[in-house]
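Working notes for the structure below.
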Amino acid sequence: MRAGAMGRREWRMESGACTPPIRHWPFAIRRPQLAAALGICALGLAACAGPNLDDSRAGLSCVDDTPQCIERRQMTLKTMLSDKERRWVKEAPTPQAHASGVRLFAYRSAKTQLTCDELVHGRREAESAPRALKGQHGLSPAQVSRAALFAGEVARELSTEIKRRRCRA
C-alpha cells in the first residue's frame, strides 16, 4: 500500500487486468457492470410505470374508436364508478371528456346512487355539453353530433330521476 492510502485498499493492475482489493474479487461488481445493471433496472421500472397502470383519467381525452381507446374509456368509467366519494362529479369536464362520453355514462350508470345535488350538477353538465363542444378543434362533426345527442339523452334521464325523487333543482 502507498503511504497516502492509510489502510485503504486500492485496485491493482496485475497482468493487464484490474484486481479489486477485496478477498472474493470474482463477486465484485465493476463500474461498467454496475452501470449496465442500474440501466436495466431503470428501464424495467419505467416500463412498469407506463400510462395504462395508473392513468385512471386517460379515457376522458380519448375520443377515437380504436381498441386501445375503448379500453381506456372502460377503465376510466370503472374507476369513476368505484370512487365511493365521487370526486369526479365536482371536477370540471373538458370538451374531450364530453366527446368521449365517459362522464355522461358515469352519471347515467350511477344515477340511483347519486345525491340530489350530484344529480342536479350532472344534469347541468349534460345540458352544457353541446355548447362546450361547438367549434372544438380536433373533433369531427360526427363526434360532436353524437356527443350532443347523448348529452341530451342523459340530461333527460337525470331530470326524470330528479323528479322521481322530488329533489329541489
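The values are calculated or read from the model by the stated rules, or taken from the named source; none is laboratory data. Everything numeric here is computed off the predicted structure, so don't read it as measured data. Using ideal geometry, Cβ is built from the backbone for each residue, glycine included, and neighbour counts are taken over all protein chains shown.
Screening T76, T160, T112 for residues that are part of a loop (DSSP other than H, G, I, E, B) and either in the same structural domain as A58 (by TED's automatic domain parsing) or surrounded by 13 or more Cβ atoms within 10 Å (Cβ to Cβ) (or both) leaves exactly one candidate, T112. Condition first: exposed (fewer than 13 other Cβ atoms within 10 Å of the Cβ), more than 26 Å from C167 (Cα to Cα) and at pLDDT below 90. Can you find one or more residues in segment 123-135 that meet it? The answer is yes, given that some residue of segment 123-135 is exposed (fewer than 13 other Cβ atoms within 10 Å of the Cβ), more than 26 Å from C167 (Cα to Cα) and at pLDDT below 90. Output yes when any residue across segment 98-116 is of a type in the set (K, R), modelled with pLDDT under 95 and under 19 Å from S56 (Cβ atoms), and no when none is. Within segment 98-116 (the criterion being of a type in the set (K, R), modelled with pLDDT under 95 and under 19 Å from S56 (Cβ atoms)), the answer is no, since none of the residues qualifies. Among residues of segment 76-103 that are at positive phi, those with a beta-carbon under 7 Å from a residue that is of a type in the set (A, V, I, L, M, F, W, C) at least six positions away or on a different chain give the pairs G101/A147; G101/F150. Determine, yes or no, whether A147 is out of contact with any Phe, Trp or Tyr (no Cβ under 9 Å at 6 or more places or on another chain) and either crowded, with 18+ Cβ neighbours inside 10 Å or acidic (D, E) (or both). For A147, the condition - out of contact with any Phe, Trp or Tyr (no Cβ under 9 Å at 6 or more places or on another chain) and either crowded, with 18+ Cβ neighbours inside 10 Å or acidic (D, E) (or both) - is met. Restricting R168, R123 to residues that are in a loop (DSSP other than H, G, I, E, B), more than 24 Å from the chain's Cα centre (by Cα) and touching a residue at least 24 places away in the same chain (Cβ under 8 Å) narrows the list to R168.
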